[in-house]
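Values in this text are rule-based calculations from the coordinates and carry no lab data. What you see is a predicted model; the values in this text were computed from it and never measured. Neighbour counts run over all protein chains shown; Cβ positions are idealised from the backbone, glycine included.
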Amino acid sequence: MQRENKSALLQLANDVHWPMPQAEQAERYVDLIEEWNQRTNLVSRQDVGRIVSRHVRESLWFCRPEVLGTSATVLDLGSGAGFPGVPMKIQLPELQLTLLDSRRMKALFLNEVVRTFGWKDVSVRCERAETLPATAPGLLFDLVVCRAVARLPELWRWSAPLLHRGGRLAALKGGDLTLELRQLRSKYPGLEAALLPMPELPDDPEARRQMIVIRNA
């Protein structure tokens, strides 16, 4: 494991009070990303040293009570290297998780993660979110999570058919979201959307990260 990731992982494990089994899972997960990233682009080359300090740490924000609520079934939309779904599962072993990515190599990587940890309640689907209602009719979730994969109106269009009544979409995004929120509310009048500021990142305190939580009426 790269020195930056090892140091950041020790700090994160201390911050979130991980017991040894969870800390060891997180370490193996980061090792897998580093190994696979030599063959396929799971994370950008300049981000390899920030797998923990940026990607894993941000992923755990989805476990905050104001975001997760009482959700038991979670869909990670556009999971890529497994963010935020895999760190969420490490933090909360009882989660029933589906990892969704349309890119074959990333789906292969996600399957390797699931096999490595022997997770029986985690599935990987290699397809686009908009096809899921047709290919898996009746498959619904309490919570859809994603990190900046598209604009809010598109994220809601893909997520709404996959949510139970009262289910929610939680999207982590950066920058000024005024226009996106205006477009969302214009296209879906009466939609309940809450904007939650997130903590500073230790290695990038100036980064603006906000969680948008949208509820399915």
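Hey, what does the equivalent ellipsoid look like for the chain, semi-axes from the Cα gyration tensor as sqrt of 5 times each eigenvalue, largest first, whole Å? Before the final figure, lay out each step's value.
Working: eigenvalues 142, 82, 52 Å².
Sorted largest first and rounded, they come to 27, 20, 16 Å.
Computed from backbone phi with θ = phi - 60° and the Karplus coefficients 6.51, -1.76 and 1.60, the 3J(HN,Hα) list for the range 79-88 is 5, x, 7, x, 9, x, x, 5, x, 4 Hz; x is used for glycine and proline. The reciprocal of the average 1/r between distinct C-alpha atoms defines the Kirkwood hydrodynamic radius, which for the range 149-217 equals 12.7 Å.
Comparing Trp61, Val144, Ala107 along the charge dipole axis of the range 56-160, the residue lying farthest to the positive side is Ala107, per the Cβ-charge model.
With a cut-off of 17 Å on the backbone N, the residues of the range 162-193 near the modelled label site 7 Å out from Arg208 along Cα-Cβ are 172-183. In this label model, Val48 and Lys6 are separated by 1.6 nm, measuring between points 7 Å along each Cα→Cβ vector. In a simple Cβ point-charge model (Lys, Arg +1; Asp, Glu -1; nothing else charged), the range 3-215 has a dipole of about 620 debye relative to its Cα centre. Our coupling estimate for the range 195-202, obtained by passing each phi through the Karplus curve with A = 6.51, B = -1.76, C = 1.60 and θ = phi - 60°, is 9, 10, x, 10, x, 5, 8, x Hz, Gly and Pro reported as x.
Computed from label points 7 Å out along Cα-Cβ, the spacing between Asp121 and Arg104 is 3.3 nm. Only Lys, Arg, Asp and Glu carry charge here, each on its Cβ (+1 for the first two, -1 for the last two); on that basis the range 139-217 has a dipole of about 460 debye about its Cα centre.
Only Lys, Arg, Asp and Glu count, each charged at its Cβ (+1, +1, -1, -1), so figure out the dipole size of the range 35-120 about its Cα centre, rounded to 20 debye.
On the way: 12 positive and 8 negative charges, 53 e Å.
Dipole about the Cα centre, nearest 20: 260 debye.
Rounded, prolate or oblate for the range 1-52? Axes are the square roots of the Cα gyration tensor eigenvalues, ordered a ≥ b ≥ c, and the cut-off for rounded is a/c under 1.5. Note, shape of the range 1-52 comes out prolate.
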